[in-house]
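Trainee: Structure provided below as structure tokens; questions to follow.
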Amino acid sequence: MWEFVFAPFVDFGFMRRALLGCIAISVGATPVGVFLMLRRMSLTGDAMAHAILPGAAVGYLVSGLSLGAMTVGGLIAGMAVALLSGFVTRVTALREDASLAAFYLISLALGVLIVSTRGGNVDLMHVLFGTVLALNDAALILLCSIASLSVLTFALLFRPLVLECADPQFLRSVSGISAVTHFTFLALVVMNLVGGFHALGTLMAVGIMILPAAAARFWAASIGGLIVAAVVVALLSSLSGLLLSYHFGLPSGPAIILLAGLAYGVSLLLGPEGSLVASTLSRRTLKT
Amino acid sequence: MGRVLLGNLFVGAPMTHAIAFQNFTLGYNQLPAVLHLQAEIAEGSLTAIVGPNGAGKSTLLKGVVNALSPISGRVSFGTVALEDIAYLPQQSEVDRSFPISVVELVAMGLWRKIGPFGRLGRADRTRIAEAISAVGLEGFELRPIGSLSSGQMQRALFARLLLQDARLVLLDEPFTAIDARTMADLIDIVRRWHGEGRTVLAVLHDFDVIRANFPETLMLARQLVAHGPTELVLTAENQFRARQMCEACAGPPHTCGRSAA
């Protein structure tokens, strides 16, 4: 037990760094995922992740594997897509999903075009699939800062955000904070995805955001409960994913996401709130 | 200042309107749903808005709360301001699957007081409890809103309206799809608002309910058909006229201008 669970972290600094990075992502990104799920915007997370990729790639091509350039590139691309699609939704008749899809596809095509003209590079794989086992100090500080900022913003924005999700029409009728809330929330999504791609890669970052939230739905009924359950699922899958990748030589990003997926599968079957087993049991009790 | 410009419209009228529609035209994509409406809603009045389907009743309420910008004309606010208005839309956009409880939903009626960051004091909690008991939802406080029937949900939304403490209350078909007992309870609340001197505008379909409870009626068929005491407005002749006016402009190319009036 000691050998399997604790020894890798005690013996190797890169494992401790990876764990800290994953904890930061779990605490920062999963509450965002919970709200994405509650707003039925789970796929928005995916779209935003694709929108960030080209920005990060451009940052990489301009100044190499530099944390700052890729972060700024990702933030700019993500924010631009979020703002433009939000603006189009509010001003025109196009619905949010369609306008978001339009802008992220444009962004993605633009990114692929730029990358292909400048030639491919093995390092680019790091952008796509992350480098959780090679996080340096700067990356760790960035991940922890993003997580802290994200948690703080959530604390400030909690009430308007809940109301914006539950009854947006009412919020608009009593206050002008609705639009601010919406865009701040999208900014949180982008920020956390950018943080996440340093560790898990742009393609996997959205997994740690959405899968724990989806799993939490089967464990808790209240918003607070959902957030706690989602963070716990994210932490457990990060820990076990890192261990699996260490012991069996698997790539760590996909291992973490697959374990979050496993947690989702188990929750879907066994969780106390509306899972397959729970709904079968309650149907049986009603009959008797 | 607007009153000076449009002064001639108010000659002889006492300045006690809560709101007034001045040549109010609004619609979607430049297709007007309400045309050239000219009417005053008196302070403290209890008015039913009636009309055939597609007559622009809901659109009119959206125009009042500025959820829809007018194509021309305006709503002039007399004794109430935009902030004094509480609005209960027809199909409320409340996400019934969202995990909040009845008491949390109702408490949001205090938004103007507590805002995004303020805390609920003891007096606020008492007011919330009173509002919940006024709509007969005691014991349901901690239930998630997803478990409520549509009648109970409407009760909860009325409790939230109670807390909003608004001078002008706009209700869009508030009694649709709810049972008779709930409707009677909610009508009592509307009458109570009337007794307290609040102005109430409600889109309704049931003429019996209107005759029994609403002193004023505004009949709309894209344009104003009639506005005044209920018994003078809800006549067979007016209803016939309203139906004709709506049918006349059912197709997109609008043939009904002022001439149809």
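The values are calculated or read from the model by the stated rules, or taken from the named source; none is laboratory data. All figures in this text were calculated on a predicted structure; none of them were measured in a lab. Virtual Cβ from ideal backbone geometry, glycine too; neighbours counted across all protein chains shown. What goes into the accessible areas is simple: the full protein's heavy atoms, side chains included, and nothing from ligands, DNA or RNA. Shrake-Rupley method; radii C 1.70, N 1.55, O 1.52, S 1.80 Å.
Trainee: Using a simple spin-label model with points 7 Å from Cα along the Cα→Cβ vector, what separation in nm is obtained for B:ARG125 and B:GLU138?
Mentor: Each label point lies 7 Å from its Cα, and together they span 1.8 nm.
Trainee: Over the residues of chain B, compute the C-alpha Rg and express it relative to 2.2 N^0.38 Å.
Mentor: 1.05
Trainee: A further question on this structure: Within 10 Å of each Cβ in A:159-172, how many Cβ atoms from other chains are there, averaged over the peptide?
Mentor: Counting Cβ atoms of other protein chains within 10 Å of each residue's Cβ and averaging gives 6.
Trainee: What is the antiparallel percent of DSSP beta bridges lying wholly in segment B:73-203, to the nearest 5? Walk me through the numbers before you get to the answer.
Mentor: Values: 1 of 10 bridges.
For segment B:73-203, the DSSP antiparallel bridge percentage is about 10.
Trainee: Further question: At 1.4 Å probe size, with the rest of the protein present, what percent of the exposed accessible area of chain A is carbon and sulfur atoms?
Mentor: Carbon-and-sulfur percentage of accessible area, whole number: 74.
Trainee: With a sphere of radius 15 Å drawn around the Cβ of B:GLY56, what net charge do the other residues whose Cβ falls strictly inside it have (Lys, Arg +1; Asp, Glu -1)? Walk me through the intermediate numbers first.
Mentor: Working: positive: B:LYS57, B:LYS62, B:ARG222, B:ARG243; negative: B:ASP172, B:GLU173, B:GLU247.
Taking every other residue near B:GLY56 into account, the sum is +1.
Trainee: What base-10 log of the normalised intensity I(q)/I(0) is obtained for the protein assembly as shown from the Debye formula, alpha carbons as equal point scatterers, at q = 0.07, 0.09, 0.10, 0.12 Å⁻¹?
Mentor: -0.53, -0.80, -0.92, -1.12
Trainee: Amide H neighbours of B:LEU224 under 5 Å, at least 5 residues apart or on other chains, H built in the peptide plane: list them.
Mentor: Result for B:LEU224 returns B:GLN38.
Trainee: Name all residues of segment A:36-56 having a backbone nitrogen under 20 Å from the label point set 7 Å from the Cα of A:LEU105 along its Cα→Cβ direction, giving them as ranges.
Mentor: Under 20 Å, as judged by backbone N against the label point of A:LEU105, lie A:41-55 of segment A:36-56.
Trainee: On to the next question. For segment A:127-204, what class follows from the C-alpha gyration tensor (a ≥ b ≥ c being the square roots of its eigenvalues): rounded when a/c is under 1.5, otherwise prolate if a/b is larger than b/c, else oblate?
Mentor: prolate
Trainee: Another one. If you average the sequence gap of Cα pairs under 8 Å that are 6 or more apart and divide by the length of chain A, what percent do you get for the contact order?
Mentor: 26 percent.
Trainee: Roughly what would the spin-label model give for B:ASN53 and B:ASP206, points 7 Å off Cα along C-beta, in nm?
Mentor: About 2.0 nm, to one decimal.
Trainee: Taking every Cα atom in segment A:165-254, find the radius of gyration and the maximum pairwise distance Dmax, and write them in Å.
Mentor: When restricted to the Cα atoms of segment A:165-254, Rg and Dmax are 16.6, 56 Å.
Trainee: Each residue of segment A:177-193 in turn: what ³J(HN,Hα) in whole Hz from Karplus with 6.51, -1.76, 1.60 and θ = phi - 60°, glycine and Pro shown as x?
Mentor: Here the 3J(HN,Hα) series is 7, 4, 5, 4, 4, 4, 6, 4, 4, 4, 5, 4, 4, 4, 4, 5, 5 Hz.
Trainee: Follow-up. For B:LEU82 and B:LYS113, FRET efficiency with R0 = 25 Å and r from the beta-carbon atoms, rounded to 0.05?
Mentor: Values: r = 17 Å, r/R0 = 0.67.
In this case the efficiency is close to 0.90.
Trainee: Sticking with this structure for a sec: In terms of the Cα gyration tensor, with a ≥ b ≥ c the square roots of its eigenvalues, is segment A:1-105 rounded because a/c is under 1.5, prolate because a/b exceeds b/c, or oblate?
Mentor: Note, shape of segment A:1-105 comes out oblate.
Trainee: Can you give the percent of C-alpha pairs in segment B:65-145 whose distance is more than 15 Å? Please list the in-between numbers first.
Mentor: Numbers: 2256 of 3240 pairs.
Roughly 70 percent, once rounded to a whole number.
Trainee: Averaged over its residues, how many other protein chain Cβ atoms are within 10 Å of peptide B:87-96's Cβ atoms?
Mentor: 4
Trainee: Please list the non-local residues whose amide H lies under 5 Å from the amide H of A:THR131, H modeled 1.01 Å from N, same-chain partners needing a gap of 5 or more.
Mentor: For A:THR131, the qualifying residues are A:ALA199, A:LEU200, A:GLY201.
Trainee: Let me ask something additional. Assuming 0.36 nm per residue, please report the length gained on full extension of the stretch A:ALA138 to A:ARG95 beyond their Cα-Cα distance.
Mentor: Difference between extended and current length: 11.6 nm.
Trainee: Tell me the per residue accessible area of chain B using a 1.4 Å probe; a whole number in Å² is fine.
Mentor: For chain B, the per-residue accessible area is 46 Å².
Trainee: For the protein assembly as shown, give me the percentage of DSSP beta bridges that are antiparallel, rounded to the nearest 5 percent.
Mentor: 55 percent
Trainee: Under the Karplus relation 6.51 cos²θ - 1.76 cosθ + 1.60, θ = phi - 60°, what is the ordered set of whole-Hz ³J(HN,Hα) values for segment A:6-15, x standing for Gly and Pro?
Mentor: Values per residue, Gly and Pro as x: 9, 3, x, 6, 5, 7, 10, x, 5, 6 Hz.
Trainee: Give me a comma-separated list of calculated 3J(HN,Hα) values for segment B:202-217, in order, Karplus coefficients 6.51, -1.76, 1.60 applied at θ = phi - 60°, integers in Hz, x for any Gly or Pro.
Mentor: Rounded to whole hertz, the list is 10, 7, 9, 10, 7, 5, 4, 4, 5, 4, 7, 10, 10, x, 10, 9.
Trainee: Right, here's the next one. Just check segment B:141-217 against the gyration tensor rule for me: Cα atoms, a ≥ b ≥ c as the square roots of the eigenvalues, rounded for a/c under 1.5, and otherwise prolate or oblate depending on whether a/b exceeds b/c.
Mentor: It is oblate, given that a/c is not under 1.5 and a/b is not larger than b/c.
Trainee: Moving on. Hey, got the Cα dimensions of chain A along the principal axes, in Å, largest first?
Mentor: Computed over the Cα atoms, the extents are 65, 58, 30 Å.
Trainee: Mind checking the angle between helix B:122-134 and chain B's longest principal axis? C-alpha axes, 0 to 90 degrees, to the nearest 10.
Mentor: Tilt of helix B:122-134: around 70 degrees.
Trainee: I'd like the carbon and sulfur percentage of the solvent accessible area for chain B, probe radius 1.4 Å, heavy atoms only, ligands and nucleic acids excluded.
Mentor: 54 percent
Trainee: When the convex hull of the C-alpha atoms of segment A:217-284 is computed, what volume per residue in Å³ does it have?
Mentor: 67 Å³
Trainee: Quick one: net charge around B:LEU201, please, counting Lys, Arg +1 and Asp, Glu -1 for every other residue with C-beta under 11 Å from its C-beta.
Mentor: 0
Trainee: Between chains A and B, what is the buried accessible area in Å², counting both sides, with a 1.4 Å probe and ligands, DNA and RNA left out, to the nearest 100?
Mentor: In total, this chain pair buries about 2000 Å².
Trainee: What is segment B:108-261's relative contact order, in percent, from Cα pairs under 8 angstrom and six or more apart in sequence?
Mentor: Reported relative contact order: 16 percent.
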